[in-house]
Number of protein chains: 2
Amino acid sequence: MADNRIYNFNAGPAALPLSVLEEIQDSFLDFRGSGMSITEVSHRSKWFDDVINDAVERIKRVLNLDDRFQVLFLQGGASMQFCMIPMNFLTEGKHADYVNTGTWSAKAIKEARIQGKTIQVVASSEDKNFSYIPENIAFSEGAAYVHVTSNNTIKGTQWAEFPDTGGVPLIADMSSDILSRTFDADKFGLFYAGAQKNMGPAGVCTVIVRDDFLKMVPENIPTMLKYSTFAAKNSMFNTPPCFAVYAVQLVLKWLEESVGGLEKMEALNREKAEMLYGVIDESGFYSGTAAQGSRSVMNVTFRLPDEDLEKSFIQKALENGFGGLKGHRSVGGCRASIYNPTPLKAIGALCDFMQAFERKNG
Amino acid sequence: MADNRIYNFNAGPAALPLSVLEEIQDSFLDFRGSGMSITEVSHRSKWFDDVINDAVERIKRVLNLDDRFQVLFLQGGASMQFCMIPMNFLTEGKHADYVNTGTWSAKAIKEARIQGKTIQVVASSEDKNFSYIPENIAFSEGAAYVHVTSNNTIKGTQWAEFPDTGGVPLIADMSSDILSRTFDADKFGLFYAGAQKNMGPAGVCTVIVRDDFLKMVPENIPTMLKYSTFAAKNSMFNTPPCFAVYAVQLVLKWLEESVGGLEKMEALNREKAEMLYGVIDESGFYSGTAAQGSRSVMNVTFRLPDEDLEKSFIQKALENGFGGLKGHRSVGGCRASIYNPTPLKAIGALCDFMQAFERKNG
């Protein structure tokens, strides 16, 4: 490992597996014998076909998806999905339910309303500053879908289990926890994730969509905003973000071949989160901000006794080689994002640092 | 130079300057002292701020843009612009003119019509298989804009000079010739370019928009489809495609500091094109497909006496280290794309190869 690399707890763009970065670096002037960089290879070449097809197959295998699901690579991040979802699926006479668990859910709701779509916010945790995931939700009759945010990066909450919607298909923004745990894809009509947390670099959004949802796409919307456009062309209606898709392929390869698959990844992620929450819960100094049953395995949010101590903590951490521990600018406090690529070693080192900081300042 | 690198004549994604690729490679594990890869750095960090701000300033300087213009980095390629332009600028009661010079113009026209916008195709070169750029166009009264495609990658044609629209602002798709030549930006309300030809890798689309056009953007369209969203947030309303923006920054630095600026780049591009068209015109074997006054300085399209010879030419070229010479799948024939990064040396080598192939097969 390069000695000058820091422990990276960024919320996204975030740490990537070192072996992935090294492979990109090593082959950057001559991609797989092409005599070109991956950034110079045509997306209509066999080299890129192999990349995108392998990425798709690995996602299907890792997430245990049957053939009803298609894996697409789009641009514009999750934010573009907020507008595309109602545009594609809430045609005349249809309505949908949304659950509001924080900033990103609220943005998804806003983009449906801007388009004049009929949606209902059936549950919200705004009453307690989005510190928990709502339970016992009364979903409305005959909704086209129920939209949830599976993990809330800013507030540090996560759906431990997805809700029982009584058969209505779920749509989920999984930007910050896709590939971190197993789940039953059967309940979903569509799920999506900006890559820049668990999957790769910024610049590509993975969308997984079921065939019955693809059939709902109307004809009269712009070509680049239709899921069916990308589904019909293996995500290559126009030039895809080739470099980002390539990096996603390598991250998936790492997940399967170095980590050993999704079950192992999930166990490791639980171990990492338990270590960190353990330090917080055992101390009278740090306090977690998310309700116990709603805690995120990916984003550990916590406070110190006062804001001056928080500033000093973040500063001292940085000096000791721990980056990205500042909470989101909208909420303050501290946050350690511990996505798939963050190694156990980094968590151990952070726990040691936190305990030492507490001894000195507690 | 790595010995195994080929001469890359790809139409896009295309060759990048070797020094740019080497700088990306060298700093890939530790970006400018951050202890992180550029793919791991937060877009809200000073590291990325420096990247995007420098890229914007360089574009403004190279293209000689005054302060009315804003430089934005969007996702979705030029294809997304085809839908965003009419959505943002053809509000109730407005209409626009389009010129059809080939595949990409036709797609722009299609996306305006899908949205039910009032547009008129005021000129087309379809009558001669898009082999020329129309002249003496009668533009309609009071149009909001006139849309043109400045260079036609597939057909190998290019506007030598932009048309006199009688004061109506131009909007241009400059995907395949931006930064290749000087032009007067004053005539433009907006111009845009997918990066993957002259500017960088696939995954980012540069949009340059004038302040009076930004003021025309309506409120009630999705946030991610409004130019004003990106203008208000320095292209960081949501996570931008950081790696692609970084590569664009380096390409601009190369253009200014290694090439010596846009005038020098333009002179070099003309020299390259003249060499290649010279070989074609002097031979009785190769024939250019674009009309003389409409020839592209970026994409040199040509045919051989028959399709078997073309196949053999492309194959032999590949064996000799010349990649990407096959014409677009929709038209056949041969095409050498000679964007900014293609060095004079590569053109010289290709000219020699073409003359040798003619001697053997002519």
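Name the one entry in A:S105, A:S150, A:S131 that is more than 14 Å from chain B (Cβ to nearest Cβ), farther than 17 Å from A:I171 by Cβ and either out of contact with any Gly (no Cβ under 7 Å at 6 or more places or on another chain) or in contact (Cβ under 8 Å) with a residue 24 or more places away in the chain (or both). If you could, list the steps in order and put the result at the bottom.
Details: A:S105 fails: farther than 17 Å from A:I171 by Cβ; A:S150 fails: farther than 17 Å from A:I171 by Cβ.
The conditions single out A:S131.
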field: A:D127, sole failed condition from (1) buried (at least 21 other Cβ atoms within 10 Å of the Cβ); (2) farther than 21 Å from B:F237 by Cβ
entry: (1)
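Using the structure shown, decide if B:Q158 is farther than 20 Å from B:A11 by Cα and either within 22 Å of the chain's Cα centre (by Cα) or within 14 Å of chain A (Cβ to nearest Cβ) (or both). So that I can check it myself, show each step before the final result.
Working: farther than 20 Å from B:A11 by Cα: no; either within 22 Å of the chain's Cα centre (by Cα) or within 14 Å of chain A (Cβ to nearest Cβ) (or both): yes.
No; evaluated as a whole, the condition is false for this residue.
Name the residue that is nearest to B:L276 (Cα to Cα), counting only residues in the range B:14-23 that are in contact (Cβ under 8 Å) with a residue 12 or more places away in the chain and outside any loop (DSSP other than H, G, I, E, B). Working first, answer last.
Narrowing the range B:14-23 to residues in contact (Cβ under 8 Å) with a residue 12 or more places away in the chain: B:14-20, B:23.
After this cut, where a residue has to be outside any loop (DSSP other than H, G, I, E, B) as well, the list is B:18-20, B:23.
Numbers: B:L18: 22, B:S19: 25, B:V20: 25, B:E23: 30 Å.
That would be B:L18.
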message: Among the residues of the range A:25-36, are any crowded, with 24+ Cβ neighbours inside 10 Å, over 26 Å from the mean Cα position of the chain (by Cα) and assigned by TED's automatic domain parsing to the domain that holds A:P241?
response: yes
- line: Selection from the range A:65-94 of residues aromatic (F, W, Y) and within 14 Å of chain B (Cβ to nearest Cβ) yields A:F73, A:F82
message: Condition (residue is among the charged types (D, E, K, R) and modelled with pLDDT under 95) applied to the range B:129-147: is it met by at least one residue?
response: yes
- prompt: So which residues in the range A:341-362 are more than 21 Å from A:G284 (Cβ to Cβ) and surrounded by fewer than 19 Cβ atoms within 10 Å (Cβ to Cβ), if there are any at all?
  reply: A:P343, A:L344, A:K345, A:G348, A:A349
Among (1) assigned by TED's automatic domain parsing to the domain that holds B:P163; (2) closer than 30 Å to B:H147 by Cβ - the single one B:A15 does not satisfy: (1)
query: Which numbered condition trips up B:A11, out of (1) part of a loop (DSSP other than H, G, I, E, B); (2) small (G, A, S); (3) surrounded by fewer than 21 Cβ atoms within 10 Å (Cβ to Cβ)?
result: (3)
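For the range B:35-59, which residues satisfy the criterion of being charged (D, E, K, R) and within 14 Å of chain A (Cβ to nearest Cβ)?
B:E40, B:R44, B:K46, B:D49
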field: Evaluation of B:D50 against (1) more than 26 Å from A:N238 (Cβ to Cβ); (2) in contact (Cβ under 8 Å) with a residue 24 or more places away in the chain (one fails), failing number
entry: (2)
task: Could you check, for the range A:4-16, whether at least one of its residues is farther than 18 Å from A:Q196 by Cβ and facing chain B (nearest Cβ under 7 Å)?
output: yes
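From the list A:A267, A:A273, A:A290, exactly one residue is outside the structural domain of A:R68 (by TED's automatic domain parsing), without any contact (Cβ under 8 Å) to a residue 12 or more places away in the chain and within 19 Å of the chain's Cα centre (by Cα). Which is it? It would help to see each step written out before you state the result.
On the way: A:A273 fails: without any contact (Cβ under 8 Å) to a residue 12 or more places away in the chain; A:A290 fails: without any contact (Cβ under 8 Å) to a residue 12 or more places away in the chain.
Selected residue: A:A267, the only one of A:A267, A:A273, A:A290 that is outside the structural domain of A:R68 (by TED's automatic domain parsing), without any contact (Cβ under 8 Å) to a residue 12 or more places away in the chain and within 19 Å of the chain's Cα centre (by Cα).
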- prompt: Can you tell which of B:V62, B:V121, B:V99 is of a type in the set (V, I, T), more than 30 Å from A:K197 (Cβ to Cβ), free of Cβ contacts under 8 Å to residues at least 40 places away in the same chain and away from chain A (no Cβ under 14 Å)?
  reply: B:V121
message: Considering only residues that are in a loop (DSSP other than H, G, I, E, B) and within 14 Å of another protein chain (Cβ to nearest Cβ), which ones fall in the range A:294-330?
response: A:N320, A:G321, A:G324, A:L325, A:G327, A:H328, A:R329, A:S330
task: Inspect all residues belonging to the range A:131-154 and state whether any of them is on the phi > 0 side of the Ramachandran plot and either in contact with an Asp or Glu (Cβ under 7 Å, 6 or more places away or on another chain) or surrounded by 23 or more Cβ atoms within 10 Å (Cβ to Cβ) (or both).
output: no
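Could you check, for the range B:210-225, whether at least one of its residues is more than 30 Å from B:H95 (Cβ to Cβ), touching a residue at least 40 places away in the same chain (Cβ under 8 Å), more than 14 Å from the chain's Cα centre (by Cα) and assigned by TED's automatic domain parsing to the domain that holds B:G77? Outline the logic, then answer.
Looking only at the range B:210-225, we keep the residues that are more than 30 Å from B:H95 (Cβ to Cβ), and these are none.
No.
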query: How many residues are of a type in the set (S, T, N, Q) and touching a residue at least 60 places away in the same chain (Cβ under 8 Å) when one looks only at the range A:25-47?
result: 1
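The values are calculated or read from the model by the stated rules, or taken from the named source; none is laboratory data. These numbers come from a predicted model, not from an experiment. Positions of Cβ are backbone-derived with ideal geometry, glycine not excepted, and every protein chain shown enters the neighbour counts.
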